[in-house]
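Taking it in order: structure first as structure tokens, then the write-up.
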Amino acid sequence: MNDYAPLRLHVPEPTGRPGCKTDFSYLHLSDAGTVRKPDIDVEPADTSDLAYSLVRVLDEEGHAVGPWNPELSHEQLLRGLRAMLKTRIFDARMITAQRQKKLSFYMQCLGEEAIAVAHTMALHDGDMCFPTYRQQGILITREYPLVEMICQLLSNEADPLKGRQLPIMYSSKAAGFFSISGNLATQFIQAVGWGMASAIKGDTKIASAWIGDGATAEADFHTALTFAHVYRAPVILNVVNNQWAISTFQAIAGGEGTTFANRGVGCGIASLRVDGNDVLAVHAASQWAAERARRNLGPSLIEWVTYRAGPHSTSDDPSKYRPADDYSHFPLGDPIARLKQHMVGLGIWSEEQHEALHKELEGEIISAQKEAESHGSLLDGHVPSAASMFEDVYAELPEHLRRQRQELGV
Ligand SMILES: Cc1ncc(C[n+]2csc(CCOP(=O)(O)OP(=O)(O)O)c2C)c(N)n1
Ligand SMILES: [Mg+2]
């Protein structure tokens, strides 16, 4: 006989479910301006307090406070606001186009716009991003042509990827946007490898890797951290903790008893946990990490705390697994509203200007959409010809594929 109770497992649960309001106290927030900013040559082990607190710059009134204030110029603030708003309007229009059956699938980044936009603003042209499907803000900030993005979404005759990728899985070497892979977490090992190659070549370009909270449970995440640490690869490791991985809560991927930022510290990587809905904090932390990478001080891992405000994709209904109004109670607010409040407080922005910018961007997106649709959409069947599947793989088409192509008559 022994006096032990039967063994049991712990299965994490979210603090809210449909009909039961979320208790967001699990987030462990810090007040704006209270978290220290270490020198860029900080020892990774000396960042463990930063992996548990939350870097924030914008306070409740929209003032920029504390050591992480990046002191952006008015032009930079406006550039950030513009790119975030453009991303949001673009997403909204593409969801409508998907509902109209012009495209097969879409994924929005509602509520997470600040992360991709302000991070990109802190990078240099030529730095390579290895994004997931929720960083369309990178392309928009780098002013990649909207028409090409929409042609990719429509899988039409002018799709630069010839219909070979799921909509939203863009690819542009020139824009420093590595081909998106549907296989989660592959971005991390590829980015570390690219950064290592950049160092081996003696180049000055750095890599930026992206992953979601859920995908950190993949082995590739951990492999990437080991390589990044061992070789001090010039890479920024971004973990976007938007609280959800489709219908599973972030605690299921291991965010309950520790933080995702703390994974980095445990691997010997300088790490920060940052308010992802605070565009100024995102810019400052990204710049800090980029500078470390550029000066051969090694990788940095940043956990961006944010909230996936919309459904996972056009194939998801989140009201089945979380309170429908959850986002309106998220304590870090909305990134666009917060930057707008800051700019209005500075006296450089107004409601009227905001409305005018909204109209202007909407007009730009509508005309890009019209032009893209003139090349076809799923509705009219103007999709790349079947012949294109035989192209771009072999320098000389092998005999058996030549025969298959003949059989198809294309
Ligand atoms: C290796 C792998 N496993 C599972 C999937 C299916 N899948 C696609 S997105 C997703 C959720 C990912 O959540 P997270 O990493 O938190 O990113 P988020 O969607 O929240 O941005 C899953 C499970 C996949 N594409 N690849
Ligand atoms: Mg997620």
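The values are calculated or read from the model by the stated rules, or taken from the named source; none is laboratory data. Note that this is a predicted model, so its numbers are computed, not measured. With ideal geometry, Cβ positions are generated from the backbone for all residues, glycine too; neighbour counts draw on all protein chains shown.
Can you tell me which residue among ARG322, ARG308 is of a type in the set (Lys, Arg), under 21 Å from the mean Cα position of the chain (by Cα), at pLDDT 95 or above and within 16 Å of ligand 2 (Cβ to nearest atom)?
The unique qualifying residue is ARG308.
Within the range 221-246, how many residues are surrounded by 19 or more Cβ atoms within 10 Å (Cβ to Cβ) and within 16 Å of ligand 2 (Cβ to nearest atom)?
Looking only at that region, the number is 10.
Can you list residue pairs whose Cβ atoms sit under 6 Å apart, with the first residue in the range 27-55 being under 18 Å from SER286 (Cα atoms) and the second being in a loop (DSSP other than H, G, I, E, B) and acidic (Asp, Glu)? Count only pairs 6 or more apart in sequence or on different chains.
ALA32/ASP59
What number of residues within the range 116-139 are surrounded by 24 or more Cβ atoms within 10 Å (Cβ to Cβ) and touching a His at 6+ places or on another chain (Cβ under 6 Å)?
1
Within the range 153-182, which residues are of a type outside the set (S, T, N, Q), out of contact with any strand residue (DSSP E or B) (no Cβ under 9 Å at 6 or more places or on another chain) and not in a loop (DSSP other than H, G, I, E, B)?
Going residue by residue through the range 153-182, those that are of a type outside the set (S, T, N, Q) are 153-154, 157-164, 166-170, 173-178, 180, 182.
Those left that are additionally out of contact with any strand residue (DSSP E or B) (no Cβ under 9 Å at 6 or more places or on another chain): 153-154, 157-159, 161-164, 166-169, 174, 182.
Correct list: LEU153, LEU154.
Restricting attention to the range 45-74, and to residues there that are within 24 Å of ILE336 (Cα to Cα) and of a type in the set (Gly, Ala, Ser), which single residue is surrounded by the fewest Cβ atoms within 10 Å (Cβ to Cβ)? Walk me through it before giving the result.
The initial filter retains those residues of the range 45-74 that are within 24 Å of ILE336 (Cα to Cα), namely 53-74.
Among the residues that remain, those that are also of a type in the set (Gly, Ala, Ser) are: 53, 62, 64, 66, 73.
On the way: SER53: 19, GLY62: 17, ALA64: 22, GLY66: 22, SER73: 8.
The selected residue is SER73.
Kindly list the number of the only condition in (1) outside any helix (DSSP H, G or I); (2) surrounded by 14 or more Cβ atoms within 10 Å (Cβ to Cβ) that fails for ILE365.
It fails just one condition, (1).
Table: residues versus (1) within 16 Å of ligand 1 (Cβ to nearest atom); (2) of a type in the set (Phe, Trp, Tyr).
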| residue | (1), (2) |
| --- | --- |
| ARG295 | no, no |
| SER300 | no, no |
| TRP304 | yes, yes |
| SER315 | yes, no |
| ASP326 | yes, no |
| LYS340 | no, no |
| GLU352 | no, no |
| LEU378 | no, no |
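Look through VAL42, VAL35 and report the one residue that is within 23 Å of ASN241 (Cα to Cα) and either surrounded by 12 or more Cβ atoms within 10 Å (Cβ to Cβ) or of a type in the set (Val, Ile, Thr) (or both).
Criteria check complete, one pass: VAL35.
When both residues are 6+ apart or on different chains and their Cβ atoms are under 6 Å apart, which pairs have a first residue that lies in the range 295-307 and is under 9 Å from ARG232 (Cα atoms) and in contact (Cβ under 8 Å) with a residue 40 or more places away in the chain, and a second that is part of a loop (DSSP other than H, G, I, E, B) and among the acidic types (Asp, Glu)?
Every condition considered, the pairs that remain are LEU297/ASP41.
Is it the case, given these coordinates, that GLY381 is surrounded by 12 or more Cβ atoms within 10 Å (Cβ to Cβ), part of a loop (DSSP other than H, G, I, E, B) and not aliphatic (A, V, I, L, M)?
no
Quick grid of which residues meet (1) under 24 Å from PHE90 (Cβ atoms); (2) of a type in the set (Gly, Ala, Ser):
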position	(1), (2)
SER350	yes, yes
ALA368	yes, yes
LEU379	yes, no
PHE390	no, no
GLU396	no, no
GLN404	no, no
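Provide a single number: the residues in the range 172-226 that are on the phi > 0 side of the Ramachandran plot and of a type in the set (A, V, I, L, M).
Residues in the range 172-226 being on the phi > 0 side of the Ramachandran plot and of a type in the set (A, V, I, L, M): 1 in total.
Check GLN152, GLN136, GLN190 and return the single one that is modelled with pLDDT of 95 or more, among the polar types (S, T, N, Q) and away from ligand 1 (no atom under 15 Å from the Cβ).
GLN152
Given the structure, is TYR327 part of a loop (DSSP other than H, G, I, E, B) and surrounded by 14 or more Cβ atoms within 10 Å (Cβ to Cβ)?
Taking the combined requirement at face value, the residue does not satisfy it.
Does the range 77-93 contain any residue that is part of a helix (DSSP H, G or I), surrounded by fewer than 17 Cβ atoms within 10 Å (Cβ to Cβ) and in contact with a Pro (Cβ under 9 Å, 6 or more places away or on another chain)?
no
Considering only residues that are under 20 Å from ILE302 (Cα atoms) and either touching a strand residue (DSSP E or B) at 6+ places or on another chain (Cβ under 8 Å) or among the hydrophobic types (A, V, I, L, M, F, W, C) (or both), which ones fall in the range 66-83?
TRP68
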